[in-house]
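K.L.:
First, the structure itself, so that you have it in front of you.
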Amino acid sequence: GTATMNATVNLTPTVTPTFTFQCNYQTETTSANAYDQRFVEFSGNNFTTTLLVCQCGAAGQTGGINACSSTFGAWHTHTVPLLTSYGGTVKVRFRFNSPDSLNNTGFGWGVDDVSFNTTTSSLPGTAVQRLSPDNFELNDD
């Protein structure tokens, strides 16, 4: 399934933008490269194409995202470095994929405290936009 941000965030006036969120999971594996998969994706054109795809995992993570906690049920923070060269506005999408019917008794993947952050010349380290569950459209595909 997916959770796609409804609004866009303008990265044009930002310096060193980042995206942060809290993550908690209980899935078939802790590795990013096997079985259940957790993705964070960024797009500037409503996901016709993607600017960056990050795969979460305690090992094998991709896209510049820091590793997940290897302990099931432990909330932990992820930070994704973004580029101002993405230009204009971006959206984020969380995507969970369970490609098989084995070992699917865990609660899955939880995400909380989602925000785009930046350093600007006048306000260093400030949140550009904090997001609530109302900012996302859910799809159980």
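K.L.:
Would you confirm, using the coordinates I've provided, whether ARG38 is assigned to a strand (DSSP E or B), modelled with pLDDT under 85, within 14 Å of the chain's Cα centre (by Cα) and surrounded by 12 or more Cβ atoms within 10 Å (Cβ to Cβ)? Break it down stepwise before answering.
P.N.:
Working: assigned to a strand (DSSP E or B): yes; modelled with pLDDT under 85: no; within 14 Å of the chain's Cα centre (by Cα): yes; surrounded by 12 or more Cβ atoms within 10 Å (Cβ to Cβ): yes.
Against the criterion (assigned to a strand (DSSP E or B), modelled with pLDDT under 85, within 14 Å of the chain's Cα centre (by Cα) and surrounded by 12 or more Cβ atoms within 10 Å (Cβ to Cβ)), ARG38 does not qualify.
K.L.:
Here's a follow-up. Which condition number in (1) among the hydroxyl-bearing types (Ser, Thr, Tyr); (2) in contact (Cβ under 8 Å) with a residue 12 or more places away in the chain; (3) within 23 Å of ASN117 (Cβ to Cβ) is the one that THR50 fails?
P.N.:
It fails just one condition, (2).
K.L.:
I would also like to ask the following. Looking at (1) closer than 22 Å to SER98 by Cβ; (2) open to solvent by less than 60 Å² (accessible area, probe 1.4 Å), which one does SER43 not meet, given that it meets all the others?
P.N.:
(1)
K.L.:
Let me ask you something else. If you scan segment 31-90, which residues turn out to be more than 25 Å from VAL15 (Cα to Cα) and of a type in the set (Ser, Thr, Tyr)?
P.N.:
Result: SER31, TYR35, THR48, SER69, SER70, THR71.
K.L.:
Any idea how many residues of segment 57-87 are open to solvent by less than 60 Å² (accessible area, probe 1.4 Å), of a type in the set (A, V, I, L, M) and either part of a loop (DSSP other than H, G, I, E, B) or closer than 17 Å to PHE107 by Cα (or both)?
P.N.:
Matching residues across segment 57-87 total 5.
The values are calculated or read from the model by the stated rules, or taken from the named source; none is laboratory data. These figures come from a predicted structure and were not determined experimentally. Neighbour counts run over all protein chains shown; Cβ positions are idealised from the backbone, glycine included. Remember, those area values only see protein heavy atoms, side chains included, never the ligands or the DNA or RNA. Shrake-Rupley method; radii C 1.70, N 1.55, O 1.52, S 1.80 Å.
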